[in-house]
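Asker: Can you keep this structure in mind? I'll have questions shortly.
The values are calculated or read from the model by the stated rules, or taken from the named source; none is laboratory data. All figures in this text were calculated on a predicted structure; none of them were measured in a lab. Cβ coordinates were reconstructed from backbone atoms using ideal geometry, including for glycine residues, and neighbour counts include every protein chain displayed. When the accessible area is computed, the model is the full protein with side chains, heavy atoms only, and any ligands, DNA or RNA have been set aside. Shrake-Rupley method; radii C 1.70, N 1.55, O 1.52, S 1.80 Å.
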Amino acid sequence: MLSLSDLCCEHEGSPLGLVLKTPRFSWKLRSDTPNVLQTSYQLQIYRDKTLSTTDSMAADSKKQCLWDSGVQDCDASVLVTCGLPGLEAKTKYTWQVQVTDNQDRTATASGTFETGLGDWENPFGKWITGDAAGTSTVYLPSPLLRKTFSAEKPLAFARLYVTAQGVYEMSLNGKRVGEDYMTPGWTSYLKRTQYQTFDVTKALLTGENVLGASVGNGWFFSTLAKENHRDIYGKERGLLAELHLTYADGSEDIIATDESWKSHVGPTLCSEIYDGESYDARLEVAAWDTAACPDANWNPVRTVKSEVTRLVPQEVEPVRIHEILKPVTVITTPEGDTVLDFGQNVTGFVRFTIDGPEGATITLEHAEVFDKDGNFYLANMRAAKNLIHYTLKGTGPETWHPKFTFQGFRLVRIKTENLSWKPEQFTACVLHSEMRTSASFTCASPLVNQLYKNIVWGQKGNFLDVPTDCPQRDERLGWTGDAQAFVRTACTLMDTARFFTKWLHDLSADQLPNGCVPVIIPNVIAEQPDQPEQGVSSAAWGDAATICPWTVYRCYNEKNLLEAQFPSMKKWVDWITAQGGDGLWNVGFHFGDWLGLDAKPDSYVGATPTDLIATAFYAHSTDLLVKSATVLGYTEEADIYEALYKKIVGCFRHEFITPNGRLAAPTQTAHVLALHFDLLKESDRPRAIKDLAKLVEENDIALTTGFVGTPYLCHVLTRFGRHDLAGKLLLREKYPSWLYQVTKGATTIWEHWDGIKEDGSFWCADMNSFNHYAYGAIADWLFQVVAGIDMDVETPAYKHIVVRPQPFDGMPHAEASLETPYGAVRSCWTVSDGTFKLTLDVPANTTATVYLPGKADYEALTVGSGMRQVFSAPIKETVLT
């Protein structure tokens, strides 16, 4: 039997509010027989319903076929583009696909998508605020906003389009609209601000209705990047909303934000990204967002001038609550504090139910770890207060959680006045962007299994609308260096196609006119007028402009993104070239091998020369630009930058390789980059890998690499014949190592290899995050090498899968699964009694090449797809040692 599953339009199941010229569709084949390949498809697009009367179609019209591909003899099933000439705004479409396979079986399935307002260029509504004119945004209360309106006729559809300067929460007739938090998300606000689309048809009442809203500071107004650095995007909060009502008779009403809305003092007294939220329940207005609440005494709102120049539809998955954790224990510290331990470092907020007298208060403080004496530790939060303060109204049990902020924490210190409580009254709500988990990994080592869990939790904690460096201290910024180091791992662990697409659009928006890429996206670091690039960019940070779009293309077949980002990629390489190094990048500021363990005392920068690192990444970005131009068919650009790439490689060899083939910089990271980016002559590679191995072995088989070298270290050792050494690095439990953190109780990845030292003291207070995901890039090696799941270099999105598991001493078993755009790949292998056994699942409509480690050179087998297969081969002792 053949069937279709996971139908998607633009990476979503049934998207709402799409704005694009030509939609793309994906589907997966399912079969109960082996070796199944798609041989043809037929795609049809129907107009289902219009959501307005602005065109000739009546709202209750029957489906109309708008486009038919005809039978296409093609195996494409990922991001298939239709030839529909254009989509109408505010229209619901149905798409249907029929597939035929190589066994002459057919399967049919359908999905829906709905278009939005387009780029919201001419809003019907106005930007409004309930804030008084001239008020400071520091700890500014969030007024309640409402609009009363009538809907007397039978309703067909209702869509709410909304955005804010700040972050908003909407309600309709007393019910919260949607499940999203921190909307409209964080973008380069002055260049592009997202709006959201909600289907609120079922929430409308016949007769009187009330639309309610509240706006917090969010990223738009909160302090960001450094103390007292606020109002970066503007000085007034605002709300823009339009509720479009389409009635059964085809008529339409629009309820929009304007001067007719009303405002009242609200209970949210302040809301800040770093400092938290304060709420006084005594200021609540009963049923304020329903018709039961009179608003004759409410104040008029003000219209405000918007700082936003472009409104774009939601591009990324919304931020939502994904898990609920209960405290695992309650601790009384030596200093007498009462602390809840949730057992896991998370990002989100605490929800609680509390009962007490009017005016009683509860304060929550958030931290990641205890200090060496067992006391609540806040120094690594720096200036971030991370406070939640709640004042009770005293009318019975009160359940509450913050609306407009989030914290990174495992521990919560509770301070109360006139209250008693129990731990079961508190839960941790885990927030992150709604990315589908796409992978799993387990092996023979419990410590490595915990490491893998820590990496996943690190991604959850830091992928809250933007890829932040950390979620807890006064930072939480979209550092480009962390993102590029982790992007392949991120695309493996979760479906991040939309997540990175949105963030890369902001990278392009914030890229300077000369091509320089800021180290933070969205960019909130002010430039120095006399030196625009000073401190704004760095090698391996700005290279996110090339590494991230290329990786997303490879993992998801996202050719559209590659095409959209190509001008940015080109501008970045051209900017480096313009620095004047004549084939080298030896000028300007660079972070170098950040936090490398071979750094000088009191320095954050590892020992590898920054010009070597910069030139290596210059070559790498140019190489990716050539590959991208080739994929896109840009022959002229490919030729031009191929010549530049060869020049850079030649200059690198002349500058950093001795005539006898030795790398001039005796550091692990220097050797890793030279080998991984193929910057050495083939004849010089054996010496380089020998020297790298020696550097590792002479350091007691330990790494010294920082942010730049660590993601590639084990890959290089495996690729060039020292897989045994890579395995020893993974399994090392002493500092410095990945597993050292696990032995110290880590539940996420640390910023420093020794964030907590053996004696319980800390590396430092200034920069010591315990949820910093960059070093979690080792998970990429766990999947590609240990589990052996990778893709062919010529075919993106795992259309042709390369399965090459590589056991090593101390690792007799590993199992991993990966949900690719075509379906799930599962690799499960064991080594026992001299036999290597592999159980493999390969999805339908793909092929795979399997390499079995039975000989000095791996034995290669080409296999079909669609069913589970088992392979076995004798394995020599030399493979394991």
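Asker: Using a Förster distance of 41 Å, how high is the FRET efficiency between Gln42 and Thr437, based on the Cβ-Cβ distance and rounded to 0.05?
Answerer: FRET efficiency, Gln42 to Thr437: 0.80.
Asker: What are the GluC sites (Glu not before Pro) within segment 330-401 that DSSP puts in a loop, where the Cβ has at most 12 other Cβ atoms within 10 Å?
Answerer: Hits after loop and neighbour filter: Glu335, Glu358.
Asker: While we're on this one: What number comes out for accessible area per residue over segment 188-281 if the probe is 1.4 Å? Units Å², please.
Answerer: Value returned for segment 188-281: 30 Å² of accessible area per residue.
Asker: With the Cα gyration tensor of segment 276-365 giving a ≥ b ≥ c as the square roots of its eigenvalues, does the rule (a/c under 1.5 for rounded; else a/b larger than b/c for prolate; else oblate) give rounded, prolate or oblate?
Answerer: oblate
Asker: So, by mean Cβ neighbours within 10 angstrom, what's the order for 432-440, 704-712, 603-611 with the highest one leading?
Answerer: Highest-to-lowest ranking by the protection proxy: 704-712, 603-611, 432-440.
Asker: Shifting gears a bit: Can you give the Rg to Rh ratio of segment 364-428, both from alpha-carbon atoms, with Rh computed by the Kirkwood formula?
Answerer: Using Cα coordinates only, the ratio equals 0.98.
Asker: DSSP loop trypsin sites (Lys or Arg not before Pro) in segment 824-877 with at most 14 other Cβ atoms within 10 Å of their Cβ, which ones?
Answerer: Lys855, Lys876
Asker: Of the peptides 664-671, 580-587, how do they stack up when ordered by the mean number of other Cβ atoms within 10 Å, highest first?
Answerer: Highest to lowest by the protection proxy: 664-671, 580-587.
Asker: How much area per residue is accessible in segment 54-183 when the probe is 1.4 Å and only protein heavy atoms are counted (Å²)?
Answerer: Solvent-accessible surface per residue comes out at 44 Å².
Asker: Which sequence of Arg230, Arg476 reflects their accessible areas, 1.4 Å probe, from the largest down?
Answerer: Arg230, Arg476
Asker: Determine the share of the chain's accessible area contributed by carbon and sulfur atoms, expressed in whole percent, with a 1.4 angstrom probe.
Answerer: About 49 percent, which is the carbon plus sulfur part of the accessible surface.
Asker: Let me ask something else. From the P(r) of segment 112-216, can you give the percent of Cα pairs sitting at distances over 18 Å?
Answerer: 56
Asker: If each of Ala76 and Met867 carries a label point 7 Å out from its Cα toward its Cβ, how far apart are those two points in nm?
Answerer: Inter-label distance under the simple model: 3.1 nm.
Asker: Ok, one more. Please work out, to two decimal places, the log10 of the ratio I(q)/I(0) at q = 0.14, 0.16 Å⁻¹ from a Debye calculation in which every Cα of segment 698-827 carries one identical scatterer.
Answerer: Log-scaled intensity ratios, in q order: -0.70, -0.88.
Asker: How much area per residue is accessible in segment 402-449 when the probe is 1.4 Å and only protein heavy atoms are counted (Å²)?
Answerer: 37
Asker: So which lysines pass the test for Lys728, namely a Cα distance under 30 Å, with those fewer than 8 places away in the same chain ruled out?
Answerer: Candidates past the 8-residue exclusion: Lys372, Lys453, Lys460, Lys600, Lys681, Lys690, Lys694, Lys744, Lys757, Lys837, Lys855, Lys876.
Asker: Which angle from 0 to 90°, rounded to the nearest 10, does the C-alpha axis of helix 685-697 make with the longest principal axis of the chain?
Answerer: With rounding to tens, the tilt is 70 degrees.
Asker: Next question, about the same structure. Based on the mean of other Cβ atoms within 10 Å per residue, sort peptides 77-88, 404-415 so the most packed one is first.
Answerer: Most protected by this proxy first, the peptides run 404-415, 77-88.
Asker: For segment 466-607, what percent of Cα pairs sit more than 24 Å apart?
Answerer: Roughly 32 percent, once rounded to a whole number.
Asker: Another question, then. When the helices in the chain are scored as -39500 (n - 2.57) per DSSP H run of 4 or longer and the sum is shared across all residues, what 222 nm value do you end up with, to the nearest 500 deg cm²/dmol?
Answerer: So the calculated ellipticity at 222 nm is -6500 deg cm²/dmol.
Asker: Considering only the chain, what is the antiparallel percent among its DSSP beta bridges, to the nearest 5?
Answerer: In the chain, approximately 90 percent of DSSP beta bridges are antiparallel ones.
Asker: Once the Cβ-Cβ distance between Val138 and Lys63 is put in as r, and R0 is 41 Å, what FRET efficiency do you end up with, to the nearest 0.05?
Answerer: 0.15
Asker: Computed from the coordinates I sent, Cα Rg over 2.2 N^0.38 Å equals one of (i) 0.98; (ii) 1.29; (iii) 1.02. Tell me the label.
Answerer: (i)
Asker: Further, regarding this structure: Scan segment 87-133 for trypsin sites (Lys or Arg not before Pro) in coil per DSSP, keeping those whose Cβ has at most 16 other Cβ atoms within 10 Å, and list them by number.
Answerer: Loop-located and lightly packed - Arg105.
Asker: Based on the Kirkwood radius over alpha-carbon pairs, what value in µm²/s does the Stokes-Einstein equation return for the translational diffusion coefficient of segment 750-817 at 10 °C and 1.306 mPa s?
Answerer: D = 108 µm²/s.
Asker: To continue, here is another question. Rg/Rh for segment 761-881: what does it come to with C-alpha atoms and Rh from Kirkwood?
Answerer: So for segment 761-881, dividing Rg by the Kirkwood Rh gives 1.09.
Asker: At what distance in nm do the modelled label points of Thr108 and Thr332 sit from each other, each positioned 7 Å from its Cα along Cα→Cβ?
Answerer: Those two pseudo-labels are separated by 7.1 nm.
Asker: Using only Cα atoms, tell me the angle between helix 497-510 and the longest principal axis of the chain; keep it within 0 to 90° and round to the nearest 10.
Answerer: Taking Cα atoms only, the helix is inclined about 80 degrees.
Asker: Does anyone have the angle between helix 610-632 and the longest principal axis of the chain? Alpha-carbon axes, 0 to 90°, nearest 10?
Answerer: In the chain, helix 610-632 runs at an angle near 70 degrees to the longest axis.
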